[in-house]
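Colleague: My structure is below; once you've seen it, I'll send some questions.
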There are 2 protein chains.
Amino acid sequence: MSKQNIYDNEAFFEEYMKLRSREVNANNLFELPTLYSLMPDLEGKKVLDLGCGSGERCMEYIQHGASKVVGIDISEKMLEAAKKNYSDPKITYMNMPMEDIGNIDETFDVVISSLALHYVEDYEGVVKNVYRLLSDGGIFLFSQEHPVNTCYSGKGDRWTRDENGRKIHANLENYCVENRYDSKWFVEGVQRYHRMFSTVINTLTEAGFRIVKIAEPYPTKELVDKYPEYYDNFHKPDFLFVKSQKT
Amino acid sequence: MSKQNIYDNEAFFEEYMKLRSREVNANNLFELPTLYSLMPDLEGKKVLDLGCGSGERCMEYIQHGASKVVGIDISEKMLEAAKKNYSDPKITYMNMPMEDIGNIDETFDVVISSLALHYVEDYEGVVKNVYRLLSDGGIFLFSQEHPVNTCYSGKGDRWTRDENGRKIHANLENYCVENRYDSKWFVEGVQRYHRMFSTVINTLTEAGFRIVKIAEPYPTKELVDKYPEYYDNFHKPDFLFVKSQKT
């Protein structure tokens, strides 16, 4: 199975870092607040971060009381940035695709993954390994691109716009066709694996997880008044969050 | 809160009965097979059917071994048809909106609802009452219109078509705006309540249900070869099923 390492692509990496450094972006407005609203108490907990990227979250988990954080990422460039900016004696960074976490010989109380699982082909394999790595009652909390976002025909726009260019509806195609969809995001050929909502959930319950809570964050009216460009999230959420527990 | 009784509308009732009597329809192709694939063993079980309609399912549950079936429906016309065509000493039909099941003084092993919950405004109230009516470990299995189907702007088509009228994508609008959406289905003003996927699931888990399995049925390639008009279900599923268990 292919393990995508788009974050080590020079052009992608630079554009991505620019996007994330903007003060206002979908991550700051929707993704992070939702992630923390679902976060279990980290005090004294051992945390594994799948696709830790630039390491900022790993440092935050330590600040929230985690006793140890292991951050893994497939991208060496990302981990270089992480080690430079977010080093701590309690954080270990490992260069590893998340398909290989079966090799980790350690247990964790909380496994977190922020916006990385849609890059992974073998979701079921990752879920089974996470289950094995978690202590009893441990929490698996992740965000991914929303399933209405990861399907695509490869042709045309994902939005239909009015004569002024304003988005009037999202174009939903191939939702029931689970596949890899390649598209342009900064560079050509970014691979996302589309899984229906039912696949995301059933893979967890079949592995033994209990679904605790789902979230599909969308803007408040106040937020759209302030940042009008985010009105399109009323039509189609960017992210799906799942909080589950090992039983 | 309004309790919609569209099935007692004469024009709606006639058209609906015609649709359901067609040999090939979405119910026969997708809804029923999925319902039965998720069905627990009914042998000796007491079953409550929310929105039992014409009673055909109630009779089938008896044939599957249920010791007792209570079928409730808001529509007197539907229940007349049920009593005429699917009467059995083990079946009790009650004319009652499902918002009122709190008045039933009995427990059940299985509560089933087929394509009725999207007509109900107070989903949370129904879920809480179902939880109370179920015995420990009891199953709540329901289908509803899929959440990508129940949202709507009220303007324009739900599909974008090519120059030959063939559907090329579904128009997804207002997915994150939970509301009542009125539309025409045989008659004007059929009311459906849109709830996001997260609301459907979280309402269950917050009431104490464990999510067992989700289904979003779609056609096989063979089925579309035989009934080409159902290719549009690849873009957008009609139905969502949730099987949950009282814990």
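Colleague: Can you tell me how many residues within segment B:66-113 are over 23 Å from B:Gly138 (Cβ atoms) and of a type outside the set (A, V, I, L, M, F, W, C)?
Modeller: The number of residues fulfilling the criteria is 11.
Colleague: Further, regarding this structure: Can you tell me which residue in segment B:124-155 is nearest to B:Val110 (Cα to Cα), limited to those that are among the hydroxyl-bearing types (Ser, Thr, Tyr) and within 13 Å of chain A (Cβ to nearest Cβ)?
Modeller: B:Ser143
Colleague: Restrict the check to segment A:108-118 and report whether at least one residue is touching a helix residue (DSSP H, G or I) at 6+ places or on another chain (Cβ under 9 Å) and surrounded by fewer than 17 Cβ atoms within 10 Å (Cβ to Cβ).
Modeller: No, that holds for no residue.
Colleague: Right, something else. Taking the stated definitions as given, is B:Gly137 surrounded by fewer than 19 Cβ atoms within 10 Å (Cβ to Cβ), more than 18 Å from B:Asp41 (Cα to Cα), small (Gly, Ala, Ser) and out of contact with any Gly (no Cβ under 6 Å at 6 or more places or on another chain)?
Modeller: Judged against the criteria, B:Gly137 is not a match.
Colleague: List every residue pair whose Cβ atoms lie under 7 Å apart, where the two residues are 6 or more positions apart in sequence or sit on different chains, the first residue falls within segment B:216-240 and is in a loop (DSSP other than H, G, I, E, B), and the second residue, located anywhere, is among the polar types (S, T, N, Q).
Modeller: As it stands, the answer is B:Glu216/A:Ser198; B:Pro217/B:Thr34; B:Tyr218/B:Asn233; B:Pro219/B:Asn233; B:Lys236/B:Asn149; B:Asp238/B:Asn149, since those pairs meet every condition given.
Colleague: Quick one: in segment B:216-247, of everything that is of a type in the set (A, V, I, L, M, F, W, C), buried (at least 21 other Cβ atoms within 10 Å of the Cβ) and over 12 Å from B:Phe140 (Cα atoms), which residue is farthest from the other protein chains (Cβ to nearest Cβ)?
Modeller: The qualifying residue farthest from the other protein chains (Cβ to nearest Cβ) is B:Phe239.
Colleague: If the Cβ limit is 7 Å and pairs must be 6+ apart or interchain, which residue in segment B:92-108 that is touching a residue at least 40 places away in the same chain (Cβ under 8 Å) pairs with which residue that is in a loop (DSSP other than H, G, I, E, B) and acidic (Asp, Glu)?
Modeller: B:Glu99/B:Asp122
Colleague: On the given criteria, is B:Asn164 within 13 Å of another protein chain (Cβ to nearest Cβ), on the phi < 0 side of the Ramachandran plot and either in a loop (DSSP other than H, G, I, E, B) or not hydroxyl-bearing (Ser, Thr, Tyr) (or both)?
Modeller: Considered against the rule, which asks whether it is within 13 Å of another protein chain (Cβ to nearest Cβ), on the phi < 0 side of the Ramachandran plot and either in a loop (DSSP other than H, G, I, E, B) or not hydroxyl-bearing (Ser, Thr, Tyr) (or both), B:Asn164 comes out as no.
Colleague: In the list A:Arg158, A:Arg195, A:Arg210, which residue meets the criterion of being surrounded by 16 or more Cβ atoms within 10 Å (Cβ to Cβ), charged (D, E, K, R) and facing another protein chain (nearest Cβ under 8 Å)?
Modeller: A:Arg210
Colleague: A further question on this structure: Checking B:Glu188 against (1) over 18 Å from the mean Cα position of the chain (by Cα); (2) modelled with pLDDT of 95 or more; (3) part of a strand (DSSP E or B): exactly one of these is not met. Which one?
Modeller: Every listed condition holds for B:Glu188 apart from (2).
Colleague: Hey, another quick one. Any chance you could count how many residues in segment A:54-76 are surrounded by 19 or more Cβ atoms within 10 Å (Cβ to Cβ) and closer than 23 Å to A:Glu10 by Cα?
Modeller: Final tally of qualifying residues: 8.
Colleague: Determine, yes or no, whether A:Tyr7 is closer than 24 Å to A:Val110 by Cβ, among the aromatic types (Phe, Trp, Tyr), out of contact with any Pro (no Cβ under 8 Å at 6 or more places or on another chain) and free of Cβ contacts under 8 Å to residues at least 60 places away in the same chain.
Modeller: No.
Colleague: Just to check your reading of the model, which residue among A:Met78, A:Met39 is touching a Gly at 6+ places or on another chain (Cβ under 8 Å), closer than 30 Å to A:Asp232 by Cβ and in contact (Cβ under 8 Å) with a residue 40 or more places away in the chain?
Modeller: A:Met78
Colleague: For segment B:30-133, list the helices (runs of 4 or more DSSP H) that sit wholly inside it and hold at least 2 residues that are charged (D, E, K, R); which are they?
Modeller: Of the helices (runs of 4 or more DSSP H) lying wholly inside segment B:30-133, those with at least 2 residues that are charged (D, E, K, R) span B:56-63, B:76-85, B:123-133.
Colleague: Name, by its number, the condition in (1) within 11 Å of another protein chain (Cβ to nearest Cβ); (2) touching a helix residue (DSSP H, G or I) at 6+ places or on another chain (Cβ under 7 Å) that does not hold for A:Ile201.
Modeller: For A:Ile201, the exception is condition (2).
Colleague: Restricting to segment A:1-25, name every residue that is buried (at least 18 other Cβ atoms within 10 Å of the Cβ) and touching an Asp or Glu at 6+ places or on another chain (Cβ under 8 Å).
Modeller: A:Tyr7
Colleague: Please go through segment B:167-192 and pick out each residue that is more than 25 Å from B:Glu15 (Cα to Cα), of a type in the set (Asp, Glu) and more than 7 Å from chain A (Cβ to nearest Cβ).
Modeller: Selection gives B:Glu178 alone.
The values are calculated or read from the model by the stated rules, or taken from the named source; none is laboratory data. Quick caveat, the model's predicted, so the values are computed rather than measured. When we count neighbours, we look across all protein chains shown, and the Cβ atoms used for this are built from the backbone with ideal geometry, even at glycine.
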